[in-house]
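The values are calculated or read from the model by the stated rules, or taken from the named source; none is laboratory data. None of the values given here were measured: they were computed from a predicted structure. Cβ placement follows ideal geometry from the backbone for every residue including glycine, while neighbour counts extend to all protein chains displayed.
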There are 2 protein chains.
Amino acid sequence: MTQPLIKTQTLSGFRDFLPAEMMAREALVATARDVYRSYGFSPIDTPALEYSEVLTGKSGEESEKQLYRFTTKGGRDVALRFDLTVPFARFAAQHIGQIGTPFRRYHIATVWRGERPQRGRYREFMQCDFDTIGTDSHLADIETLLVIHDLFGRLGFERFTIRVNHRQLLNGLLETLGLADKSTAVLRALDKLPKIGREGVQRELIEGVGAIDATADRLLEFAAISGTPGEVLAQVESLLDGNGRGLDGIALLRQLFDCVATAGVPADRVALDVSIARGLDYYTGTIYETFLDDLPGIGSVCSGGRYDNLAGLFTKQPLPGVGASLGLDRLLAAMEELGRLGASATPADVLVVLFDESRAGDYFRMARELRADGVATEVYPQARALKKQLQYADRKGFRFALIAGSDEFAQGVWQLKDLANGEQRQVGSEELSSSIRDRLSEGRS
Amino acid sequence: MTQPLIKTQTLSGFRDFLPAEMMAREALVATARDVYRSYGFSPIDTPALEYSEVLTGKSGEESEKQLYRFTTKGGRDVALRFDLTVPFARFAAQHIGQIGTPFRRYHIATVWRGERPQRGRYREFMQCDFDTIGTDSHLADIETLLVIHDLFGRLGFERFTIRVNHRQLLNGLLETLGLADKSTAVLRALDKLPKIGREGVQRELIEGVGAIDATADRLLEFAAISGTPGEVLAQVESLLDGNGRGLDGIALLRQLFDCVATAGVPADRVALDVSIARGLDYYTGTIYETFLDDLPGIGSVCSGGRYDNLAGLFTKQPLPGVGASLGLDRLLAAMEELGRLGASATPADVLVVLFDESRAGDYFRMARELRADGVATEVYPQARALKKQLQYADRKGFRFALIAGSDEFAQGVWQLKDLANGEQRQVGSEELSSSIRDRLSEGRS
């Protein structure tokens with residue numbers, strides 16, 4: 001009759017989320033959702049499982065290796081989505097006639113990748129993407145930056161920097177240098193600057209890319225440009241020798257910095273960084289990365305940019321777009337490191353101590369009244385010793401305990417105990433919710 | 001160079017959610033989350049993929065057939081979760097030492113079942129469960145009912161009925177009739193009453209279950225009991241011949257109806273229905289089903305009950321509990337049928353018409369001010385013809401359009417167009433957000 005117990009284990013790279021951690025995730029997701037919605041982005045969702053053909057269409061070998069792919073009992077070759085971009089491309093190609101353009105969507109959902117698990121890398125994680133597609137207007141690029149800015153503001157960050165670049169700066173320079181077809185190799189070489197230094201990169205540009213000495217110098221000069229956006233643009237301009245593509249990029253970036261300043265974004269939140277070069281095969285215009293000034297080492301926590309064509313594998317209709325993705329897990333790790341996460345394991349503020357089971361209906365009624373006034377309230381489900389119930393409240397992180405026995409019921413009052421400082425006072429039933437709300441808002445201000 | 005396009009298709013039984021539909025889902029989930037949290041239930045999450053052994057432990061052949069199960073590249077036998085109960089059992093066994101009891105959690109997440117797709121049945125769908133475990137207190141059962149009641153209230157339903165039963169009523173009766181070991185067969189027979197009628201069930205009780213005529217009559221008499229909770233309990237009591245188990249059930253139900261009345265739940269929202277008998281192998285005490293009075297035919301939209309031991313397959317620690325699950329897809333289908341879903345495809349209220357690209361920064365600034373005041377606002381990304389932009393606003397379901405050209409900028413005013421009735425009026429920049437908020441709250445009241 002007694003079977004051996006099944007071992008309680010999760011797969012490597014997969015996680016359980018306990019309440020305190022899950023509440024932090026939910027709060028972050030809720031804020032992202034709020035900000036995206038406030039800009040008119042609407043939610044969509046797509047299946048976790050798709051035909052493998054849909055997901056592998058554009059991906060290289062690396063993605064293929066990481067795919068959770070299998071054959072269903074019905075004989076279909078399927079896989080779990082490894083990002084939200086490919087499903088969005090399929091979705092857009094399939095529904096764009098119905099939804100029309102421009103189309104702004106956000107998509108907050110789980111993706112799976114069979115990567116080797118390591119610190120901060122998981123096989124199951126959540127992505128929070130937003131994009132505007134069906135327009136090549138640069139204003140959509142600028143608004144993407146505003147969304148990122150307002151998102152971090154709403155998350156309570158004061159010190160963060162959105163680094164901006166535009167692909168056409170380097171592309172223009174490469175044209176003037178006769179290296180227009182070598183952009184990927186040049187970017188790969190320049191990317192190694194922090195690792196192998198100026199001389200190492202110079203060698204790679206000459207030996208690997210085939211640049212002459214003077215050209216390699218120009219490229220290294222370009223990569224070293226820094227300063228205010230105005231300074232950087234002036235220096236880039238002088239390197240461009242009047243190249244039209246490069247000058248277009250400069251004009252777009254000037255418009256961007258003007259516009260976001262007019263829109264009210266503080267100048268120190270946005271920087272021009274000609275060295276950022278993400279998604280070589282994908283991004284074609286503006287590029288964004290976001291760094292926390294107090295933790296730059298964790299890397300970009302929100303990245304994106306403009307692409308020429310989202311869904312070319314699925315439809316002949318060109319769908320240019322621009323968007324970005326919030327790095328939820330990385331940001332949560334950062335917030336934990338910065339001490340910005342709460343420790344409470346309950347979403348409720350008040351625990352009603354259950355003193356007398358025969359009065360359960362009265363406890364329940366008061367709890368419902370508090371909830372109707374916006375005060376989340378839990379009722380302890382058994383009449384255990386007061387001390388036990390208060391220990392429970394402490395451990396979970398409730399802010400208040402409410403206590404009433406027959407004396408209190410007779411007088412129509414409650415004992416309101418502040419669990420932060422142990423203070424207890426008697427409050428009439430009528431004033432209870434306003435008294436609690438006042439003290440909660442004090443605590444939060 | 002030109003590859004053939006990849007076919008845009010989703011797997012049978014899997015769905016894309018477009019904005020209008022997804023907003024309805026998000027609103028429903030947000031309300032469920034709010035209500036669960038207001039009662040002190042905290043969120044958890046578990047992996048979508050688990051070791052197959054964990055998921056198949058208790059399930060019968062039917063679940064096994066429905067499982068999306070495969071072997072990973074690393075050789076692990078894994079499957080997608082088919083419900084949230086089994087993962088919660090594993091989770092509870094693994095973490096209960098850390099989280100302590102009683103423990104209240106909600107879990108809103110996607111599950112997968114390879115069932116034959118049919119109307120209203122999908123292979124990928126969302127479950128919204130809440131449970132209190134680690135206590136056998138009947139008060140937790142009563143609070144479960146309060147949660148269900150307040151959830152439907154918050155969803156805006158006036159006309160719904162929570163049907164309650166307690167397993168011990170029938171178990172007690174079966175004891176008095178000498179059929180204690182036949183409860184499953186008896187319930188299966190009684191369940192067929194609507195289909196095969198009284199005589200058919202009588203035959204099945206006699207021929208299938210082995211009851212004598214008088215016993216079958218008592219069972220049919222039991223199944224036919226109806227009336228107010230007080231009337232039903234009195235009739236059941238008279239059938240029980242003083243059976244202790246049955247009388248205990250009656251006492252618990254009496255306490256439940258008293259308590260929820262005291263807590264402020266209208267009497268017509270809660271009914272006693274001795275015929276409901278869900279989850280024969282699982283529920284052991286209170287049972288709940290929830291019906292919309294205007295659409296009873298769609299079945300229960302929120303069901304649950306008490307179980308003796310959640311996690312017996314994973315731990316020797318007994319974990320009794322009680323909870324329920326909101327039927328999200330069924331409820332959304334019902335709300336659509338009842339005309340309770342909005343048609344808007346945008347979460348924003350206001351579209352800022354882009355009249356003059358050189359003033360983009362000013363449009364963006366005003367939009368940011370409105371957002372800061374809680375008015376979700378989209379800026380059209382290109383300076384297309386006014387008519388085109390207003391068509392876009394109409395199609396998406398924006399409530400207002402904001403228009404400003406050089407005259408308006410010179411005067412510091414905006415044209416505020418109400419898209420519901422076409423009315424347009426001029427409003428000063430300073431009064432814009434309060435004017436919009438006033439008109440939005442009028443529209444909602």
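Some values worked out for this structure:
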quantity: Region A:290-307, subset surrounded by fewer than 20 Cβ atoms within 10 Å (Cβ to Cβ) and among the aliphatic types (A, V, I, L, M), residue modelled with the highest pLDDT; calculated: A:295
quantity: Selected residue [farther than 25 Å from residue A:291 by Cβ, in contact with a Ser or Thr (Cβ under 6 Å, 6 or more places away or on another chain) and either among the small types (Gly, Ala, Ser) or at pLDDT 95 or above (or both)] from A:172, A:134; calculated: A:134
quantity: Any chance residue A:313 is buried (at least 17 other Cβ atoms within 10 Å of the Cβ) and of a type in the set (A, V, I, L, M); calculated: yes
quantity: Failed criterion for residue B:26 (all others in (1) at the interface with chain A (Cβ under 8 Å from one of its Cβ atoms); (2) touching a helix residue (DSSP H, G or I) at 6+ places or on another chain (Cβ under 8 Å); (3) in contact (Cβ under 8 Å) with a residue 12 or more places away in the chain; (4) not small (Gly, Ala, Ser) hold); calculated: (3)
quantity: Subset of region A:265-289 that is small (Gly, Ala, Ser) and buried (at least 16 other Cβ atoms within 10 Å of the Cβ) - its residue that is nearest to residue A:218 (Cα to Cα); calculated: A:275
quantity: Region B:296-318: number of residues that are farther than 16 Å from residue B:87 by Cα, over 21 Å from the mean Cα position of the chain (by Cα) and within 14 Å of chain A (Cβ to nearest Cβ); calculated: 3
quantity: Contacts under 6 angstrom Cβ, first residue in region A:1-22 being within 22 Å of residue B:104 (Cα to Cα), partner modelled with pLDDT of 95 or more and among the small types (Gly, Ala, Ser), 6 or more apart; calculated: A:8/B:93; A:19/B:42
quantity: Top-ranked residue in region A:1-20 [being surrounded by 16 or more Cβ atoms within 10 Å (Cβ to Cβ) and more than 7 Å from chain B (Cβ to nearest Cβ); ranked as nearest to residue A:121 (Cα to Cα)]; calculated: A:13
quantity: Region B:72-89, residues that are within 8 Å of another protein chain (Cβ to nearest Cβ), surrounded by fewer than 22 Cβ atoms within 10 Å (Cβ to Cβ) and in contact with a Phe, Trp or Tyr (Cβ under 8 Å, 6 or more places away or on another chain); calculated: B:72, B:76
quantity: Which numbered condition residue A:215 misses (of (1) assigned to a helix (DSSP H, G or I); (2) modelled with pLDDT of 95 or more); calculated: (2)
quantity: Search result, residues across region A:258-280 that are without any contact (Cβ under 8 Å) to a residue 40 or more places away in the chain and farther than 21 Å from residue A:293 by Cβ; calculated: A:258, A:262, A:279
quantity: Single residue of region A:367-377 satisfying the filter (of a type outside the set (A, V, I, L, M), touching a residue at least 40 places away in the same chain (Cβ under 8 Å) and not in a helix (DSSP H, G or I)) that is farthest from residue B:99 (Cα to Cα); calculated: A:373
quantity: Test: residue B:31 is outside any strand (DSSP E or B), within 7 Å of another protein chain (Cβ to nearest Cβ) and among the polar types (S, T, N, Q); calculated: no
quantity: Any hit, region B:105-127, residues being at pLDDT 95 or above, closer than 30 Å to residue B:271 by Cα, more than 10 Å from every other protein chain (Cβ to nearest Cβ) and not in a loop (DSSP other than H, G, I, E, B); calculated: yes
quantity: Filter pass, residue A:191 being at negative phi and without any contact (Cβ under 8 Å) to a residue 12 or more places away in the chain; calculated: no
quantity: Subset of region B:390-414 [out of contact with any Pro (no Cβ under 9 Å at 6 or more places or on another chain) and closer than 24 Å to residue A:100 by Cβ]; calculated: B:390, B:391, B:393, B:394, B:395, B:397, B:398, B:399, B:400, B:401, B:402, B:403
quantity: Scan of region B:370-384 for residues that are within 23 Å of residue A:35 (Cα to Cα), more than 8 Å from chain A (Cβ to nearest Cβ) and of a type in the set (D, E, K, R), ordered by number; calculated: B:373
quantity: Residue in region B:90-108 that is in contact (Cβ under 8 Å) with a residue 60 or more places away in the chain, surrounded by fewer than 23 Cβ atoms within 10 Å (Cβ to Cβ) and in contact with a strand residue (DSSP E or B) (Cβ under 6 Å, 6 or more places away or on another chain) present; calculated: yes
quantity: Strands (runs of 3 or more DSSP E) within region A:258-366 that include 3 or more residues of a type in the set (Val, Ile, Thr), touching a helix residue (DSSP H, G or I) at 6+ places or on another chain (Cβ under 9 Å) and not assigned by TED's automatic domain parsing to the domain that holds residue A:420; calculated: A:283-292
quantity: Scope region A:90-100; condition of a type in the set (Val, Ile, Thr) and within 9 Å of chain B (Cβ to nearest Cβ); matching residues; calculated: A:99
quantity: Selected residue (criterion: modelled with the lowest pLDDT) from residues of region B:49-71 that are surrounded by 23 or more Cβ atoms within 10 Å (Cβ to Cβ) and within 23 Å of the chain's Cα centre (by Cα); calculated: B:55
quantity: Matching option when the condition is part of a helix (DSSP H, G or I) and either closer than 21 Å to residue B:232 by Cα or within 28 Å of the chain's Cα centre (by Cα) (or both), among B:205, B:169; calculated: B:169
quantity: Condition check for residue B:164: of a type in the set (A, V, I, L, M) and under 24 Å from residue A:358 (Cα atoms); calculated: yes
quantity: Number of the condition not met by residue B:22 [criteria: (1) touching a Pro at 6+ places or on another chain (Cβ under 8 Å); (2) modelled with pLDDT under 95]; calculated: (2)
quantity: Flag for residue B:153 being facing another protein chain (nearest Cβ under 7 Å) and either surrounded by 23 or more Cβ atoms within 10 Å (Cβ to Cβ) or not hydroxyl-bearing (Ser, Thr, Tyr) (or both); calculated: no
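Table: residues versus (1) touching a Cys at 6+ places or on another chain (Cβ under 7 Å); (2) crowded, with 16+ Cβ neighbours inside 10 Å; (3) more than 28 Å from residue B:358 (Cβ to Cβ).
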residue: A:193; (1), (2), (3): no, no, yes
residue: A:206; (1), (2), (3): no, no, yes
residue: A:213; (1), (2), (3): no, no, yes
residue: A:220; (1), (2), (3): no, yes, yes
residue: A:229; (1), (2), (3): no, yes, no
residue: A:238; (1), (2), (3): no, no, no
residue: A:250; (1), (2), (3): no, yes, no
residue: A:255; (1), (2), (3): no, yes, no
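Residue-by-condition table, conditions (1) more than 11 Å from chain B (Cβ to nearest Cβ); (2) out of contact with any Ser or Thr (no Cβ under 6 Å at 6 or more places or on another chain):
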position: A:347; (1), (2): no, no
position: A:354; (1), (2): no, yes
position: A:364; (1), (2): no, yes
position: A:386; (1), (2): yes, yes
position: A:414; (1), (2): yes, yes
